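Enquirer: Quick one: this structure, given as structure tokens, is what I'll be asking you about.
The values are calculated or read from the model by the stated rules, or taken from the named source; none is laboratory data. What you see is a predicted model; the values in this text were computed from it and never measured. Glycine also receives a Cβ, built like all others from the backbone with ideal geometry; neighbour counts cover every protein chain displayed.
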Amino acid sequence: DRDAVRRRQEAGRAGDFDEVLVNAPVEVCEARDPKALYKLARAGKIRQFTGIDDPYEPPENPELTLDSAAHTPDVLADQVVQYLAARQLISAVE
């Protein structure tokens, strides 16, 4: 689980652990679903589908939250790069 991974990372066993939440309402996920999996899940043809009949459990304290409903993939990528540069995990990009 996420907490166990975070504890291992914080104990210094494998470096930094930065959790990123790419947030999108289920309606946005459905609209972007090229395989129509959400439609199948709503019809009962796929069981335990996250966000439909299985609850989605977002991380409690992500280091970075990206709003994919409000921004393009390019903007989200820039936000990740800026975050990593601010944490000095990569060189600053201009």
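Enquirer: May I ask you to list the residues in the stretch 79-92 that are farther than 21 Å from V5 by Cα, outside any loop (DSSP other than H, G, I, E, B) and of a type in the set (A, V, I, L, M, F, W, C)?
Expert: If we filter the stretch 79-92 for residues that are farther than 21 Å from V5 by Cα, which is where we start, we get 79, 81-82, 85-86, 88, 90-92.
Within this subset, residues satisfying the condition of being outside any loop (DSSP other than H, G, I, E, B) are 79, 81-82, 85-86.
The answer is V81, A85, A86.
Enquirer: Pairs under 8 Å by beta carbon, first residue part of a strand (DSSP E or B) in the stretch 15-36, partner small (G, A, S), six or more apart or different chains?
Expert: From residues that are part of a strand (DSSP E or B), the pairs are V22/S68; N23/S68; N23/A69.
Enquirer: Something else now. Kindly indicate whether any position in the stretch 8-16 is aliphatic (A, V, I, L, M) and modelled with pLDDT under 90.
Expert: Yes, there is a match, as at least one residue in the stretch 8-16 is aliphatic (A, V, I, L, M) and modelled with pLDDT under 90.
Enquirer: Take the stretch 51-68 and flag every residue that is surrounded by 13 or more Cβ atoms within 10 Å (Cβ to Cβ) and either within 13 Å of A24 (Cα to Cα) or in contact with a Cys (Cβ under 6 Å, 6 or more places away or on another chain) (or both).
Expert: G51, T65, L66, D67, S68
Enquirer: Tally the residues that are of a type in the set (S, T, Y) and touching a helix residue (DSSP H, G or I) at 6+ places or on another chain (Cβ under 7 Å), restricting the search to the stretch 40-73.
Expert: Number satisfying all stated conditions: 1.
Enquirer: While we're looking at this one, here's another question. What number of residues in the stretch 37-59 are part of a helix (DSSP H, G or I) and either on the phi > 0 side of the Ramachandran plot or under 19 Å from the mean Cα position of the chain (by Cα) (or both)?
Expert: Restricting attention to the stretch 37-59, the residues satisfying the condition of being part of a helix (DSSP H, G or I) are 37-42.
Narrowing the set further to residues that are either on the phi > 0 side of the Ramachandran plot or under 19 Å from the mean Cα position of the chain (by Cα) (or both) leaves 37-38.
Total satisfying the criteria: 2.
Enquirer: Same structure, new question: Output the number of the condition that L76 fails; it satisfies all remaining conditions of (1) out of contact with any helix residue (DSSP H, G or I) (no Cβ under 9 Å at 6 or more places or on another chain); (2) among the hydrophobic types (A, V, I, L, M, F, W, C); (3) assigned to a loop (DSSP other than H, G, I, E, B).
Expert: Going through (1) out of contact with any helix residue (DSSP H, G or I) (no Cβ under 9 Å at 6 or more places or on another chain); (2) among the hydrophobic types (A, V, I, L, M, F, W, C); (3) assigned to a loop (DSSP other than H, G, I, E, B) one by one, L76 breaks only (3).
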